[in-house]
Amino acid sequence: MEKVINESIQGCSTSLIGHNNNIKKLYIESYGCQMNFSDSEIVASILRKEGFNTTSKLKEADLVLVNTCSIRDKAEQTIRKRLEKFNSIKQINPKMKVGVLGCMAERLKSKLLDEEKIVDLVVGPDAYKDLPNLVSQLDAGNSAVNVLLSKVETYADIDPERLNTNGVTAFVSITRGCDNMCTFCVVPFTRGRERSRNPISIIKEINDLWEKGYKEITLLGQNVDSYLWYGGGLKKDYSKASSIQKASALRFSDLLELCAKEQPKMRFRFSTSNPQDMSIDVIKNMAKYDNICNHIHLPVQSGSDDILKAMNRQHTREEYLNLVKDIKKHLPNCTISHDMICGFPNESEKDHQDTLDLMENIKYSFGYMFTYSERPGTAAARKLKDNIPVSVKKRRLSEVIELQQRHSSERNKEFFGQVTEVLIEKTSKKSDFEWAGRNPQNMMVVFPKKYFKPGDLVQVKINDYTSATLKGVAIGYSKNN
Ligand code: SAH
Ligand code: F3S
């Protein structure tokens, strides 16, 4: 199973990268969401200017940075184990410095330095531009911390160093932070208020990537559909913006159109869509432009109205189902995926059945499923008792995963015998003789290599499937190649 994963897998994804010809060596590990992996590319770019090259060899590192995730307790535990490991290496190599970036840095702040004494450097997600200064404090023998959050998009002018890249697909951040305040979620606390990035700098980054040979972009944000550019600043300050700014404001649907037109041969994806912010204009523009991929990651978290309300998700089950109907009406070939939380406080068996029933109704193509993990400081932690026993949470999670596996197989079966367009990304994990790539619906497709190469858009006839992968044979280049 690749897509139907549980929390332990999503919380542990890491990337280790290497270049070898520089004075100082940076070893960077990333955990958690795609945004963290994308931010690590910004960090590597900032530190390159300070004389650091990335290395994949931990033992030769002068600086070890861990870009951390706080979304669930398990993610933090995994990272703590890594920090212990780095500390043991420091005993042998005292000149090595260890820093924590990202959400755990923001959540625990200088506690990691002062009380726990496990790191030398703590940098929150909006403070990476201060790294040159912070690193010089380390050089002077001090520890260093900056966890200030920003009210503007911080990194628009930085050209990220693409790490661990396949040279074909890349992430481009378009919003930072989140104003939604779902009661279970730590992100608004660790990543701050929502801000959108200047579209001119987004288009510039996309054009640069095209020049470098990239063929597919995923526009990234905690909540991309809420993108709004009216000259900068916080999303919520829009109410104070002048009427001229309001008239010329650019919404997510406009940005998508701008991207699709700017690079008509490039494929575009986006993640994540909070259902409450997804507009019909986004769906219509997906239908209008062939190069916007037909897949929507549409986390719902629960199928029960009571739980959705307690989670402060700003939509009902019925509104969600209507949104899915609209998607299917305008985009009949669009796949939909989800995130689901099992065992939120007070979740009854009936609520859980509502979740299974919603899944049965929609038959998602894939999903990311988790047990509820109480996060300190969130509204749920302050107001609700984490009262579902672990065994019940786990049982419900396994029922949700099992159902999703069945639906994934059914959805993949729909491709059987069909010809689908695949962008070749890399050699398949299972065989050196096969390529792997995704079709517009975001399904992984594997097929014999023949004379094709990474970056080619090919037509593949599907002749086999599992719940995670489609298999087939390439029958020629796509007309869009
Ligand atoms: N912005 C996205 C979610 C980002 S967090 C949205 O609109 O929904 C990624 C996923 O982690 C969430 O969708 C949720 O399913 C899960 N998650 C977040 N906080 C969690 C918690 N406290 N316990 C368990 N899962 C959680
Ligand atoms: Fe978290 Fe809800 Fe925002 S899940 S990232 S607060 S949309």
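Worth pointing out:
- Of everything in the stretch 460-481 that is buried (at least 18 other Cβ atoms within 10 Å of the Cβ) and within 19 Å of T335 (Cβ to Cβ), the residue that is modelled with the lowest pLDDT is S467.
- T183 passes every criterion in (1) touching a strand residue (DSSP E or B) at 6+ places or on another chain (Cβ under 9 Å); (2) of a type outside the set (D, E, K, R); (3) within 16 Å of ligand 2 (Cβ to nearest atom) apart from (1).
- The set of residues in the stretch 329-357 being closer than 22 Å to M443 by Cβ and within 16 Å of ligand 1 (Cβ to nearest atom) consists of I336, S337, H338, D339, M340.
- Considering N346, N322, N291, N361, the condition of being within 30 Å of E106 (Cα to Cα) and away from ligand 2 (no atom under 16 Å from the Cβ) is satisfied by N346 alone.
- Checking each residue in the stretch 173-185 for being over 19 Å from G233 (Cα atoms), crowded, with 21+ Cβ neighbours inside 10 Å and in contact with a Ser or Thr (Cβ under 7 Å, 6 or more places away or on another chain) picks out F184, C185.
- Considering residues of the stretch 189-204 that are assigned to a helix (DSSP H, G or I) and crowded, with 19+ Cβ neighbours inside 10 Å only, the residue farthest from ligand 2 (Cβ to nearest atom): I202
- Subset of the stretch 178-187 that is near ligand 1 (Cβ under 9 Å from one of its atoms) and of a type outside the set (V, I, T) - its residue that is farthest from R382 (Cα to Cα): C178
- Residue in the stretch 218-237 that is within 16 Å of ligand 1 (Cβ to nearest atom), of a type in the set (V, I, T) and open to solvent by less than 30 Å² (accessible area, probe 1.4 Å) present: yes
- Within the stretch 250-270, tally of residues that are open to solvent by less than 20 Å² (accessible area, probe 1.4 Å) and closer than 22 Å to I280 by Cα: 10
- Flag for I46 being open to solvent by less than 30 Å² (accessible area, probe 1.4 Å) and in the same structural domain as G102 (by TED's automatic domain parsing): yes
- Only residues that are without any contact (Cβ under 8 Å) to a residue 40 or more places away in the chain and of a type in the set (A, V, I, L, M, F, W, C) were counted in the stretch 404-420, giving 0.
- Unique residue being assigned to a helix (DSSP H, G or I), among the acidic types (D, E) and surrounded by fewer than 17 Cβ atoms within 10 Å (Cβ to Cβ) when the list is D326, D386, D351: D326
- From T175, T190, residue being of a type in the set (S, T, Y), within 16 Å of ligand 1 (Cβ to nearest atom), touching a strand residue (DSSP E or B) at 6+ places or on another chain (Cβ under 7 Å) and within 30 Å of P345 (Cβ to Cβ): T175
The values are calculated or read from the model by the stated rules, or taken from the named source; none is laboratory data. All values reported here derive from a predicted model rather than from experimental measurement. Methodologically, a virtual Cβ is constructed for each residue, glycine included, from the backbone with ideal geometry; neighbour enumeration extends over all protein chains shown. Remember, those area values only see protein heavy atoms, side chains included, never the ligands or the DNA or RNA. Shrake-Rupley method; radii C 1.70, N 1.55, O 1.52, S 1.80 Å.
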